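A short write-up of the structure that comes next.
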Amino acid sequence: MASQKFELDNFDFADIFENYTIPYDYIIDPDMSPCQPEVNESITTALAVIYSLVCFLAVTGNVIVMIVLLYDRRTISSTDTYLLHLAVADLLFAVTLPFWIVDAISGWVFGDAMCKIISMLQEINFYSGILFLVCITINRYLSIVHATQAQKQKRPFLIMLVCATVWLVSIALSLPVSYKGEYIHFERVMCYEVLDVESVEAWRITTRLLQHFFGFLIPLAVMIFCYTAIILKLCQTKGFQKHKAMKIIIAVVVSFVICWLPFNITVLVDTLMRSNLIAETCDRRNDIDRALSATQSLGILHSCINPILYAFIGVKFRRNLVKVFFKKGIIKQTVMSKFRRSVSSITESGFMSTSIHIGFDENVS
């Protein structure tokens, strides 16, 4: 292992969450690269541990979300439907992580077909997860800022049409992964894209631009616009509960920025460096590769945070969770009664308007 030289490259859609892959210069001609790639066993081990922990937490959290949301389908709301699809996307994304853990340690051992399947599955669920966050954001905006439009959103056909559109768009954005396949480099089998030398540069730049816009900039712009309008609406209400709603909003936006902004900045710098717009040195290349490893880890953490921010905080979700636990005998009647009293005291306090309850307690958070 120590004698095999390879480095992390994160140049396209499909490599958003992958581990160590071969650099672009080495794909064209291994002898052309002026820098000797670094191998850091401690980083590889750390990535394996982080990915394993994220996989466990994401699978556990999102499975619980799916069980609770499906517990009483008669009361499922429009945002509950988006939450359910978000949980499915995060769950399927987390399922792909063990494959990349093995890839980081011993190379790709699952074959050419599985390389394409796992890469496509990971990419589709990455984009669908981001786009369902946008759907939840818009749904909150319509429910609170434009309360008169809330009933229109609850039409089952319209909601299912939106969900189907999100999945189709995610599949379309993930099509570049079809170029992936097994690639042997220094006797190490890797899951990587195989392209002609003439088209690789333009293809990589195009896919990275799509990644920046649809995977970060557009969702962030929607969140900022919608949640700013929601905060302005909340400022017009009286009561202490509006501060709790504002904290949830801030937590949602901040978590998204913290998880994805460092990665997007690092990828942008890497793109500029590989386009010769920034001078590339061996030290800078190694620094960027290490930064990509760290920022990727932040990005995948978002699949663990989603269930907490969009489900576990909400009164409705917690009430149904307690019901499920009580029905399965996990908690006792005394705990159930105590929780009911606490929920009743919050509901009867009347601090928040009906529209705000719809946007943050009953439907979403």
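Miscellaneous remarks
- When segment 46-72 is limited to residues that are of a type outside the set (Phe, Trp, Tyr) and in a loop (DSSP other than H, G, I, E, B), the one that is modelled with the lowest pLDDT turns out to be Asp72.
- Segment 265-306, residues that are in contact (Cβ under 8 Å) with a residue 40 or more places away in the chain and hydrophobic (A, V, I, L, M, F, W, C): Val267, Leu268, Cys282, Leu292, Leu298, Ile300, Leu301, Cys304, Ile305
- Any hit, segment 290-310, residues being at pLDDT below 80 and more than 23 Å from Thr44 (Cα to Cα): yes
- Among residues of segment 172-209, those that are modelled with pLDDT of 75 or more and among the aromatic types (Phe, Trp, Tyr), counted: 1
- The criterion of at least 2 residues that are of a type outside the set (A, V, I, L, M), surrounded by fewer than 23 Cβ atoms within 10 Å (Cβ to Cβ) and touching a residue at least 40 places away in the same chain (Cβ under 8 Å) is met, among helices (runs of 4 or more DSSP H) falling completely within segment 81-191, by 112-144, 156-173.
- Against the test of being more than 27 Å from Thr45 (Cβ to Cβ), surrounded by fewer than 19 Cβ atoms within 10 Å (Cβ to Cβ) and out of contact with any Pro (no Cβ under 8 Å at 6 or more places or on another chain), the options Ile250, Ile265 yield a single qualifying residue, Ile250.
- Residues that are among the hydrophobic types (A, V, I, L, M, F, W, C) and in a helix (DSSP H, G or I), drawn from segment 258-287: Ile258, Cys259, Trp260, Leu261, Phe263, Ile265, Val267, Leu268, Val269, Leu272, Met273, Cys282
- For segment 129-140, the criterion of a residue being charged (D, E, K, R), within 30 Å of Tyr310 (Cα to Cα) and modelled with pLDDT under 90 is satisfied by at least one position.
- Failed condition for Val322, given (1) among the hydrophobic types (A, V, I, L, M, F, W, C); (2) in a helix (DSSP H, G or I); (3) at pLDDT below 80; (4) surrounded by fewer than 16 Cβ atoms within 10 Å (Cβ to Cβ): (4)
The values are calculated or read from the model by the stated rules, or taken from the named source; none is laboratory data. Here the structure is a predicted model, which is why all the values come from computation and not from measurement. Cβ sites come from the backbone with ideal geometry, for glycine too, and all protein chains shown count toward neighbours.
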